[in-house]
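Novice: One structure is given below, represented as structure tokens, and several questions about it will come after.
Since every read-out is calculated from the coordinates, none of them should be taken as a lab result. Here the structure is a predicted model, which means the values were calculated and not measured. A quick note on method: Cβ atoms are made from the backbone with ideal geometry, for glycine too, and the neighbour counts reach across all protein chains shown.
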Amino acid sequence: MRNIPLSDVDATPRAVLAIATDYPPDTLLPRHVHRRAQFLYAMSGLMEVQTDDGAWVIPPYSGVWIPPGKPHQVRMRGASTRSLYIEPAARPRAGSACEALQVGPLLHQLLLASAEVPALYQTQGRDGLLLDLILLELGSARRLPLFAPMPAEPALARLCQALLAKPSITVRPEAWARALNMSPRTFSRRFREQTGLAFGQWRQQACLMAAVTRLAAGDAVTAIALDLGYDSPSAFSSRYRQVLGQSPSSVRQGL
């Protein structure tokens, strides 16, 4: 199925619905929610996803798993997508949090083929087997570290949102502790309690998410590294490769 609203087929008595959608550049899908779980895959372009839990950047050849009933907002940066909408009882991943997932060559080809599957497919035929295999692959897909969890505490959340809007690796936890009238030790403990990450890890995630977006837009590695406050392009590239398993230049090349 191609470029049709989920609402047109949501009631179809099938465990999985596959829809291919092409979005104009910079399309914003405002905050919404699905009855079914969703796996949203960018065949091309970039996706920025926000939920109450935090923010994700999803580069090409990656996807985001969205549990059923999870409110979310997505900005499409020139993305052509494949979406799977999965009945809650059939979902292949547990938990109530969204996840960025790596899409390997087999899953990529399966998702490519899913666009030709009709809503009322034969469950025991080729289409049903194809979707069953997709669910198995989704269940074992590797989670990617492109997530910045959002704290529930309003004052701390505002600081996090400001850093996401203007990320810098040079922001110091001591400055945030002073802004919140906390000792550095109390701040470090509170930040980890609220986000599950140490401040330095969270700051790094925010910077890498910004870097992925800019790399996909064609910005130079040197300019990104310096804007984010890294000492040198090589220091930025080394950290990027350590966390994401590939060089920054590979994103610019569309790999």
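Novice: List, in order, the whole-Hz ³J(HN,Hα) value for each residue of segment 148-162 obtained from phi through the Karplus relation with A = 6.51, B = -1.76, C = 1.60 and θ = phi - 60°; use x for Gly and Pro.
Specialist: Taking θ as phi minus 60°, the curve returns 10, x, 9, x, 7, 5, x, 5, 6, 4, 5, 5, 5, 5, 5 Hz for segment 148-162.
Novice: Taking the Cα centroid of segment 134-176 and of segment 179-197, what is the distance between the two, rounded to the nearest whole Å?
Specialist: After rounding, the separation between the Cα centres reads 15 Å.
Novice: Now for a different question. Taking the 0 to 90 degree range and rounding to the nearest ten, how far is the long axis of helix 126-140 tilted relative to the main principal axis of the chain, both from C-alpha atoms?
Specialist: The helix 126-140 is inclined about 20 degrees to the chain.
Novice: Could you go through segment 206-212 in sequence order and give the Karplus-derived ³J(HN,Hα) for each residue, using 6.51 cos²θ - 1.76 cosθ + 1.60 with θ = phi - 60°, rounded to whole Hz, and x for Gly and Pro?
Specialist: In residue order, the calculated couplings are 4, 5, 5, 5, 5, 5, 4 Hz.
Novice: In percent, what relative contact order does segment 98-181 have, based on Cα pairs under 8 Å that are 6 or more apart in sequence?
Specialist: Result for segment 98-181 is 34 percent.
Novice: Tell me the mean residue ellipticity at 222 nm calculated for the chain from its helices only (DSSP H runs of n ≥ 4, each -39500 (n - 2.57), averaged over every residue, nearest 500).
Specialist: Rounded to the nearest 500, it is -11500 deg cm²/dmol.
Novice: Enumerate the amide H contacts of A141 below 5 Å, restricted to partners 5 or more residues apart or on another chain; note that Pro and chain-start residues carry no placed amide H.
Specialist: none
Novice: Under 5 Å between amide hydrogens, which residues at least 5 positions from K70 or on another chain qualify, with H placed 1.01 Å from N in the peptide plane?
Specialist: Amide H neighbours of K70: H34.
Novice: How many angstrom lie between the C-alpha centres of segment 1-19 and segment 65-117?
Specialist: After rounding, the separation between the Cα centres reads 13 Å.
Novice: Please list, in chain and number order, the residues 5+ apart from M43 or on another chain whose amide H is under 5 Å from its amide H, with Hs placed from the backbone.
Specialist: S80, T81, R82
Novice: Which ³J(HN,Hα) values in Hz, rounded to whole numbers, follow from the phi angles of segment 193-204 under the Karplus curve 6.51 cos²θ - 1.76 cosθ + 1.60, where θ = phi - 60° and Gly and Pro get x?
Specialist: With coefficients 6.51, -1.76 and 1.60, one gets 4, 7, 10, x, 10, 5, 4, x, 5, 5, 4, 5 Hz.
Novice: With a cap of 13 neighbouring Cβ atoms within 10 Å, and only residues DSSP puts in a loop, list the trypsin sites (Lys or Arg not before Pro) found in segment 4-84.
Specialist: Loop-located and lightly packed - R35.
Novice: Hey, what did the chain get for relative contact order, percent, Cα under 8 Å, at least 6 apart?
Specialist: Here the relative contact order equals 17 percent.
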